[in-house]
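Colleague: I am attaching a structure below and will ask some questions about it afterwards.
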Amino acid sequence: MKTKSHELKNSTENVISSLVKQTLIASVILLLIVLVLARFFNERVTQVAGLFLDYTGVWGVGLSIFVADSVHVFFPPDTFLILAVAANMPDFWVIFFASFGSLLAGGCSYSQGRFLLPKLTVFSKFIRNHEEKLEVYVKRFGFWAVVLAALTPLPYSWTSVAAGAMKMRPGLFFAAALFRIPRFILYYYLIKGGWIGI
């Protein structure tokens, strides 16, 4: 019993350690991408960002991040933070709309897992294959699985689906999803620092 508990503790520490490393690596890669874009493609990115701002306004950041975080494919929401920085959008509103869009997307993914997933027979196999990979995290960490997904490269939308499918309490899920806000604050200022530092 003691050995099993010790193994579980080591396994948990390994998972968290791995996610922290992945987060640091992702942050460094993001900063390098921003530095390259700012140094070599500044004018082009600024032009695209200007069109994005003219067409959608600052609320478009939230809408774009909502789509990026609710569609279950890998599309980094930080792309839109880069455009927001390049367009010189106001910091507060970018972070507000980015966080709001992401929280709304998490709620949609959670609802899909809780209410829609059990009724889908056509897509259930495909969805279950992705969801099962994350169920391990949700079963083991519960609330903290969603916190980890909100802060690290662990897929946020799929973790939200898994949390819904496993019927995590909605209040608990949304409390964990709030950790998405500090993630956007950190990444936004990381991007901004890299962009204006050139």
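Colleague: Output wanted: per-residue J couplings in Hz (rounded whole) for segment 47-60, from phi through Karplus 6.51 cos²θ - 1.76 cosθ + 1.60, θ = phi - 60°, x for Gly and Pro.
Modeller: Couplings: 5, 5, 4, x, 5, 4, 5, 4, 7, 10, x, 5, 5, x Hz.
Colleague: Within 15 Å, Cβ to Cβ, of Ile33, how many net charges do the neighbouring residues add up to if Lys/Arg are +1 and Asp/Glu are -1?
Modeller: It works out to a net charge of +2.
Colleague: Net charge near Ile65, counting Lys/Arg +1 and Asp/Glu -1 over other residues with Cβ under 12 Å of its Cβ?
Modeller: Residues near Ile65 contribute 0 overall.
Colleague: Carbon and sulfur: what percent of segment 26-91's accessible surface (1.4 Å probe)?
Modeller: The C+S portion of the solvent-accessible surface of segment 26-91 is 71 percent.
Colleague: Would you please put 94-106, 163-175 in order of how densely packed they are, using the mean number of other Cβ atoms within 10 angstrom per residue and starting with the highest?
Modeller: Result, highest mean first: 94-106, 163-175.
Colleague: Return the distance in nm (one decimal) between the two label points of a simple spin-label model at Arg140 and Thr56, each offset 7 Å from Cα along Cα→Cβ.
Modeller: Roughly 3.5 nm, to one decimal.
Colleague: Let me ask another. Summing +1 for each Lys or Arg and -1 for each Asp or Glu, what net charge is found among the other residues whose Cβ lies under 14 Å from the Cβ of Trp195?
Modeller: Around Trp195, the surrounding residues sum to 0.
Colleague: Same structure, new question: What ³J(HN,Hα) values, in whole Hz, does the Karplus curve 6.51 cos²θ - 1.76 cosθ + 1.60 give for segment 158-170 when θ = phi - 60°, with x put for Gly and Pro?
Modeller: 5, 5, 5, 4, 4, 4, x, 5, 8, 6, 4, 4, x
Colleague: Still on this structure: Obtain the nm distance between the two label points defined at Leu172 and Leu24 by a simple spin-label model: each point lies 7 Å from its Cα along the Cα-to-C-beta direction.
Modeller: Taking the simple label geometry, Leu172 and Leu24 are separated by 3.1 nm.
Colleague: Calculate, in nm to one decimal, what Asn42 and Tyr189 gain on full extension: separation in residues at 0.36 nm each, minus their alpha carbon distance.
Modeller: So the extension gain works out to 51.1 nm.
The values are calculated or read from the model by the stated rules, or taken from the named source; none is laboratory data. Keep in mind that this is a model prediction, so the values were computed, not measured. FYI the Cβ positions are ideal-geometry reconstructions off the backbone, even for glycines, and counts take in every protein chain you see. Heads up: the accessible areas ignore ligands, DNA and RNA and are worked out on the full protein's heavy atoms, side chains in. Shrake-Rupley method; radii C 1.70, N 1.55, O 1.52, S 1.80 Å.
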